[in-house]
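The values are calculated or read from the model by the stated rules, or taken from the named source; none is laboratory data. Just so we're clear, the structure is a prediction, and the values are computed from it rather than from any experiment. So basically every Cβ, Gly included, is an ideal-geometry build from the backbone, and we count neighbours across all protein chains shown. Ligands, DNA and RNA are excluded from the accessible area calculation, which covers all protein heavy atoms including side chains. Shrake-Rupley method; radii C 1.70, N 1.55, O 1.52, S 1.80 Å.
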Amino acid sequence: MKKLLFISKSIRLFLCFCLSISLLINVIYVRAHEQDKFLEDEILRASGMPQDEIDALDNDIKKFIVNDLKNNANLSDLKYINISDSLSPSVSKEIRPLVNQVFYDIKFYVSAFKSGDVIYIYPTYEFTEDHQPKGKDSFSFQLGDAMRPYEYGGQIWYKDYTMSDWALGGSLVANNQGFNGAEYSGAQLGSPDWPMKMKGCAYCHAQVGTGSDKRIIMSYMHNPKGASYSISFSVGGLGITYNSSAVIYTNASTVVLSY
């Protein structure tokens, strides 16, 4: 009996030890995560980005942006670029892409920074409702002639109805590039077995151009039936057009940089 009591007590002590270690690891992880978030906010704040805009940034997107800036930009010379919506009716009409149907369940935003003569641009989209891409969706953006892009990349995340947090997906590759824009398309934007939310953040590194057009137009084409389509970028102006003989859904947003 004494031996059994001793074994039982040893098991309880071992379980308590394991629980203590687990709690300690969790505390260390939380503190490290909070420290990373603090450093990310400090870098953005030092660039001149307003605190309310820092707070409004999605945490995954924020981390992605800061990591790209740390790896590529001179942080001591980093300046946040103010961004405004394009409000001119004539401009909006000129750049609005032709669409079959409107894809309402999406939002766009852009963050941008300048270091020396390089502009770091982060066009972002996020589904606001669950959808099921069939491996033939498309996310694209085009820059005005005040920017001369030379490098593209990005990251995607996903979340379905069973998940409380976003999960990391794959990297994004601009598989259709032009002189002033790029398209990310195909299975890299998702081909899940059931509907879910998706979000993607592209990066674009650009030299300061000689022109005065500082607009950025972003466009997303949701292609739920996986239909064939074509995309065209405006050469003389600024615009993105998707065409398909089948039903596709598109939406677009335009912003203007101030630097």
- Formal net charge of residues neighbouring Asn180 (Cβ-Cβ distance under 13 Å; K, R +1; D, E -1): 0
- Message: Just to confirm, what accessible area per residue do you get for the stretch 197-259 at 1.4 Å probe, in whole Å²?
- Response: 37
- Query: For the stretch 160-175, in order, what is each residue's ³J(HN,Hα) by Karplus, 6.51 cos²θ - 1.76 cosθ + 1.60 with θ = phi - 60°, in whole Hz (x at glycine and Pro)?
  - Reply: 9, 5, 8, 10, 8, 10, 6, 10, 6, x, x, 6, 9, 10, 6, 8
- Once amide H atoms are built 1.01 Å from N in the peptide plane, which residues 5 or more positions from Gly209, or in another chain, come under 5 Å H to H? Met147, Arg148
- Query: How much of the accessible area of the stretch 151-259, probe 1.4 Å, is carbon plus sulfur, in whole percent?
  - Reply: 51
- Cα radius of gyration and Dmax for the stretch 125-259 (Å): 15.3, 49
- Over 21 Å between C-alpha atoms is what I'm after, so list which of Lys79/Lys197; Lys70/Lys159; Lys136/Lys197; Lys134/Lys199; Lys62/Lys136; Lys114/Lys159 land there. Lys79/Lys197; Lys70/Lys159; Lys62/Lys136; Lys114/Lys159
- Query: Out of residues 5 or more away from Glu151 or on other chains, whose amide H comes under 5 Å of its own, with H placed 1.01 Å from N in the peptide plane?
  - Reply: His205
